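The values are calculated or read from the model by the stated rules, or taken from the named source; none is laboratory data. Not measured: the values here are computed from a predicted model. Positions of Cβ are backbone-derived with ideal geometry, glycine not excepted, and every protein chain shown enters the neighbour counts.
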Amino acid sequence: MVGDKVEEAKWKGLCVNDHWQQMKGIMMKSAQDICGMTKGPYRHKETWWWNEEVAEAVREKKIKYGKWKKENTEEARMEYKKSRQNAKRVISSAKEKKQKECAYDLNDSECQNEIFLMAKQMVKESQDITGLNCIKGASGKVIVDDKGIKDS
């Protein structure tokens with residue numbers, strides 16, 4: 001498949017950079033056709049304990065970190081450490097507060113669904129990521145069993 005596309009391409013009169021870009025495009029397109037593409041995981045999940053106070057503490061910590069890396073001074077490092085400790089403190093108090101709210105709401109039938117969603121998210125966050133062995137065969141079908149993978 002890649003070989004056919006390479007043979008079809010017009011290579012005469014190209015400079016090295018153009019040659020490379022054309023070759024890269026052929027390889028990337030072939031890989032996409034054969035393997036397909038995924039979007040990847042969603043990066044910004046909202047946590048069950050996140051609130052405006054936590055957001056502000058984390059924002060301040062990020063600003064102090066950037067200042068420390070930019071200036072590279074001991075004073076900036078100490079400011080970052082203080083803001084990091086403050087962020088940890090704010091996060092733990094927010095978690096504790098939310099847990100107490102959940103414990104109080106456990107008897108309320110309206111809030112049980114929200115509690116189950118939070119529990120499901122907690123379980124999902126604590127799971128190890130494991131992938132399946134699968135490839136796409138020549139016919140375009142996904143093969144998941146080990147024997148089929150070895151045969152193709």
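Of the residues making up the range 103-125, those that are assigned to a helix (DSSP H, G or I) and farther than 14 Å from Thr47 by Cα number 5. For residues in the range 97-116 being modelled with pLDDT of 75 or more and surrounded by 11 or more Cβ atoms within 10 Å (Cβ to Cβ), which is farthest from the chain's Cα centre (by Cα)? Among residues in the range 97-116 that are modelled with pLDDT of 75 or more and surrounded by 11 or more Cβ atoms within 10 Å (Cβ to Cβ), the one farthest from the chain's Cα centre (by Cα) is Glu101.
Among the residues of the range 76-86, none qualifies, meaning not one is of a type in the set (Phe, Trp, Tyr) and either on the phi > 0 side of the Ramachandran plot or surrounded by fewer than 13 Cβ atoms within 10 Å (Cβ to Cβ) (or both).
Out of the residues in the range 46-86 that are touching a residue at least 40 places away in the same chain (Cβ under 8 Å) and assigned to a helix (DSSP H, G or I), state the one that is farthest from Lys120 (Cα to Cα). Per the stated criteria, the residue is Glu53.
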